[in-house]
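Working notes, beginning with the structure itself.
The values are calculated or read from the model by the stated rules, or taken from the named source; none is laboratory data. Model, not experiment: these values are computed from the prediction. Backbone-built Cβ (ideal geometry, glycine too); neighbour counts: all protein chains shown. Protein only, heavy atoms only, side chains kept; ligands, DNA and RNA dropped before computing areas. Shrake-Rupley method; radii C 1.70, N 1.55, O 1.52, S 1.80 Å.
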Amino acid sequence: MKILRVIASTNPKGGGPIEGIRQLQEPLVRMGHLVDIVCCDALDAPWLNQLGAINIYACGPGRSGYGYAPLLLPWLKANVSNYDVVIVHGIWQYHSFAAWRALAGGKTPYFVFTHGMLDPWFKRTYPLKHLKKWLYWPWAEYRVLRDAQSVIFTCEEERILARESFWLYRCQETVTSYGTATPPESSAELAGNFLDEYPELRGKRLFLFLSRIHEKKGCDLLIDAFSQVASSDQSLHLVIAGPDQTGWRAKLQAQALALGIADRITWPGMLEGDMKWGAYHSAEVFCLPSHQENFGIVVAEALGCGKPVLISNKVNIWREIETDGAGFVNEDTVEGTVAGLRQWLATTNEQKIDMTLSAKACFEARYKIDKVAENLIRIISNK
């Protein structure tokens, strides 16, 4: 099968959706499918080569926050007939509207991953932006979803929440799994390399946050909560890793300073490759108290490394984590985040071993990328 994936940008700073696209490529090719990408990146974007041996057609650079790329629509009209199916990743930018214009009513079916972009959290948190979206929802994204062969959600919670953002909503819904590749197995070596890079972390009990530094991720909750448990063990240390996309890091660092724990937090920035895996393997637990998280590739990565997770019930796979005993789930509040940290600190060594095994089992059963690829092909093959 020849598959075309349409996305606004392949920049890895885009977080989980980009990582998911990268991870899905290998198993799809291994299954015998040809998978190309068209995007609104500039031809000389430095990250284009980071996705490996993938045919990427860059039609940008996209203009403004909407990512308008005038070359994209002509490219799609000229080339979609060469593919059996098109998958659109994400909405609210020009690439999805261009895909609809090129594909609606045509012979090549298309599917849409919304990647959590219809979560009502955005409606509640940014009401003015939501009002702006309403101005073009009926003429653009509503039609993108309505005319898709199917809109694919990565868990049941995402599907349910997507119905709450706009009363004008109609589409064919499908729920599938999502995930990532099995992490490298050389855990001791990777952890050693990471600690060599950050020697001040040796001998510490590391709580790891690894994601975009963004308001919705609850970094401020984690810092406040950590300040309330840090005195219980001087070896406790928080690592907050990820790209600062909105300039929030300085405010968070000021918060840590005011709470007297600035020296108990390390900020390594965005971690990739072996450094990323080394961070996972060096930590004893992974923390993500998000206010909104469609899936959480980083949660799946942590589970794959055998790390229990402390997450909020706004991470849409929280039910699966709770069911499998792979971590602790609490509210996305300071009190809820404190509760999660204290639950972990009260866990016995025997219980931690059991949770480590449960984390690995959860990953293998639900989020291993080979199963994700099989499920995706099953969905798009029943077109």
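Restricting to region 159-189, and then to whatever is in contact with a Lys or Arg (Cβ under 9 Å, 6 or more places away or on another chain) and outside any loop (DSSP other than H, G, I, E, B), can you tell me which residue is least open to solvent (accessible area, probe 1.4 Å)?
Here the answer is Thr180.
Report the residue count in region 228-272 for those that are within 27 Å of Pro12 (Cβ to Cβ) and of a type in the set (Gly, Ala, Ser).
6
Under 8 Å between Cβ atoms, at least 6 apart or on separate chains: pull out the pairs that start in region 115-132 with a residue that is farther than 13 Å from Glu215 by Cβ and open to solvent by 20 Å² or more (accessible area, probe 1.4 Å) and end on any residue that is among the aromatic types (Phe, Trp, Tyr) and part of a loop (DSSP other than H, G, I, E, B).
His115/Phe295; Met117/Trp92
Here is a check on your reading of the model: is Pro268 in a strand (DSSP E or B), open to solvent by 10 Å² or more (accessible area, probe 1.4 Å) and of a type outside the set (Ser, Thr, Tyr)? Give the steps one after another, and end with the answer.
Working: in a strand (DSSP E or B): yes; open to solvent by 10 Å² or more (accessible area, probe 1.4 Å): yes; of a type outside the set (Ser, Thr, Tyr): yes.
Here the answer is yes, as Pro268 does meet what is asked.
Among the numbered criteria (1) touching a residue at least 60 places away in the same chain (Cβ under 8 Å); (2) of a type in the set (Gly, Ala, Ser); (3) assigned to a loop (DSSP other than H, G, I, E, B), which single criterion is violated by Ala225?
If we test Ala225 against (1) touching a residue at least 60 places away in the same chain (Cβ under 8 Å); (2) of a type in the set (Gly, Ala, Ser); (3) assigned to a loop (DSSP other than H, G, I, E, B), just (3) comes out false.
Is there any pair linking a residue in region 1-16 that is over 16 Å from Lys276 (Cβ atoms) to one that is open to solvent by less than 10 Å² (accessible area, probe 1.4 Å) and in a helix (DSSP H, G or I), with Cβ under 6 Å and at least six apart or on different chains, and which?
Val6/His95; Val6/Ala99; Ala8/His95
Given (1) open to solvent by 10 Å² or more (accessible area, probe 1.4 Å); (2) farther than 26 Å from Ala191 by Cα; (3) not polar (S, T, N, Q), identify the lone condition not met by Val315.
(1)
Which residue, of Tyr66, Tyr57, is open to solvent by 40 Å² or more (accessible area, probe 1.4 Å), at pLDDT below 95, among the aromatic types (Phe, Trp, Tyr) and not in a loop (DSSP other than H, G, I, E, B)?
Answer to the check: Tyr57.
If I go through region 294-312 residue by residue, how many of them are in a helix (DSSP H, G or I) and buried (at least 24 other Cβ atoms within 10 Å of the Cβ)?
Here the count works out to 7.
One line per residue, one yes/no per condition, for (1) under 28 Å from Gly62 (Cα atoms); (2) within 22 Å of the chain's Cα centre (by Cα):
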| site | (1), (2) |
| --- | --- |
| Thr114 | yes, yes |
| Arg143 | yes, no |
| Ser150 | yes, yes |
| Phe166 | yes, no |
| Tyr169 | yes, no |
| Thr176 | no, yes |
| Ser186 | no, no |
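Could you say whether any residue in region 89-102 is more than 25 Å from Asn11 (Cα to Cα) and part of a helix (DSSP H, G or I)?
Applying the first criterion (more than 25 Å from Asn11 (Cα to Cα)) to region 89-102 yields none.
No: region 89-102 contains no residue that is more than 25 Å from Asn11 (Cα to Cα) and part of a helix (DSSP H, G or I).
Looking at (1) over 22 Å from the mean Cα position of the chain (by Cα); (2) buried (at least 16 other Cβ atoms within 10 Å of the Cβ); (3) of a type outside the set (A, V, I, L, M), which one does Ser232 not meet, given that it meets all the others?
Condition (2) is where Ser232 drops out.
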